[in-house]
1. What is the gain in length, in nm to one decimal, between residue 169 and residue 106 on full extension, counting 0.36 nm per residue of separation less the C-alpha to C-alpha distance?
2. For residue 539 and residue 91 in the same chain, what is the full-extension length gain: residue separation times 0.36 nm, less their Cα-Cα distance, in nm?
3. Just to be sure I follow: if Rg is taken over the C-alpha atoms of the stretch 273-312 and Rh is the Kirkwood radius over the same atoms, what is Rg/Rh?
4. Mind checking Rg over Rh on the stretch 334-459, alpha carbons, Kirkwood formula for Rh?
5. Would you kindly give the portion of the calculated P(r) for the stretch 57-167 that falls above 22 Å, as a percent of all Cα pairs?
6. Rg (Å, one decimal) plus Dmax (Å, integer) for the alpha carbons of the stretch 515-595?
7. Label residue 284 and residue 179 with points 7 Å out from Cα along Cα→Cβ: what is the distance between them in nm?
8. Would you calculate the separation in nanometres between label points at residue 472 and residue 306, each defined as 7 Å from the Cα along the Cα-to-beta-carbon direction?
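Read the figures in this text as sums done on the coordinates, not as results from a lab. Small disclaimer: the values here were computed from a predicted structure and weren't measured. Every residue, glycine as well, gets a Cβ built from its backbone with ideal geometry; the counts of neighbours run over all protein chains shown.
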């Protein structure tokens, strides 16, 4: 049995000698003629190994011959427009254009990650425009502050979507047709295929074909007898993986678009003992997709019962959180039964389509403000915003109603506050914390009186004071009134204006993010499907094998086996050799018969003649 790994190559190096003219062979013409001859020899055997569309060149004119008159011009114009439209559609639905669009989509997402986006943080966008007077207007005109909703990004997105659908639909139908059909018959000359094996056997051709059919089916080939040969094919999962990959891309595009259009995301800071109901008015900040409506909010509510945070006390990771968890009671719907749960970092509470994440933490010292007559005009836990990892915090205390000064006039009070859970100690620098736990809490205050500006209708930051219409309290020496308070201590305001007390109770607050992201499960499924589909299209080879058994001129059966793959691979000759060995076991090579000895040649079993003695006479 002989096995040959042949290639479809043409020896273009040979020249034809011409004694008179010295001309050389046109190697390009010869190679083209050889390729055409190979294609005719393969016929259907080499076709449909892929469902990829055939690339077509742009002809000079689609309209053909133009008829006389206006009618002829209109008919020619119609054919021309239709021809170009078909050509553009073939280009748009080609894999090359799809890959280009996918690359452009990836490039377009880069500025969306590097440049602040108005849908995510409008404050940073405003700061960027203020800091970059030249780039700001340019970026704004190019839509770089809202990349994912810009016209050019949407155009790339839609074109990619159309390209993938236009590519997948015809290839899917073609692939279904291939699955319903049978492997094509053997070409005329199997010796031209990349992998080839042949031998002679005493077995009948029908026996050889039956043995080959059994062997190929045992190796999961789709095989059938076609004339004097067995045709088999394997590796359909390669094209199935390719189609799955592109369908998964469409699923990803649809899921991302759906998620962006119907998403919602809001944040809420809740102090221990406080609660939240999932309505727009309850959020501190809220943003959503273009097609989101208030009715899409999942109805639920929850209360923060307790927050627990523990930290490393020593070592290189000192101050690193060990425990961050919020104990909640929640209910679904307006009349749902209360349930208890614990929300941790990366372990959100899931209610319907919404997820409640724990995203931040801080402290809320309880303060009491009294007027000059010792009446309590304000008592509440005031959330402070952390400035560093040790929870050095700042905030504002605003007394908007109920306060009257020593003269009996209504005024508003404001206090700029700094809070540290673990004070470094007097004389050890500025007001900062050395540890995030409540080991040595201190509250530093400075007071103002006048108008907070809250009645002007302009939104204000609740954690900052607008002191443009306020005066600062000063002590008897004319210095600015400020003081550091320990829990239980009080700062007296001058001239009988009242007092403010830092109560011994320090509460903790937790920041929650309520996110509703439809399509995330579909996007995850599409991502996994794309990975598996791509792996199948890369590592599975589609190939065809033919086994031909015919009776030779001398009555001996000649067996030929050949293989053809979609792409050149060293595994194809190896696989063909393994299959040929299995077929050869049931149809072994015919043993060569010994030749008849010639009359003048001695028989191999005859005794050699004894030489005559020296001087003897031959008779």
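1. Numbers: separation 63, 0.36 × 63 = 22.68 nm, distance 2.44 nm.
Computed gain between residue 169 and residue 106 is 20.2 nm.
2. Additional length available on full extension: 158.6 nm.
3. Working: Rg = 14.4 Å, Rh = 12.7 Å.
Reported Rg/Rh, Kirkwood definition of Rh: 1.13.
4. Rg/Rh for the stretch 334-459 comes to 1.09.
5. On the way: 3380 of 6105 pairs.
Result: 55 percent of Cα pairs exceed 22 Å.
6. Just the Cα atoms of the stretch 515-595 yield Rg and Dmax of 23.5, 90 Å.
7. Those two pseudo-labels are separated by 5.3 nm.
8. 4.2
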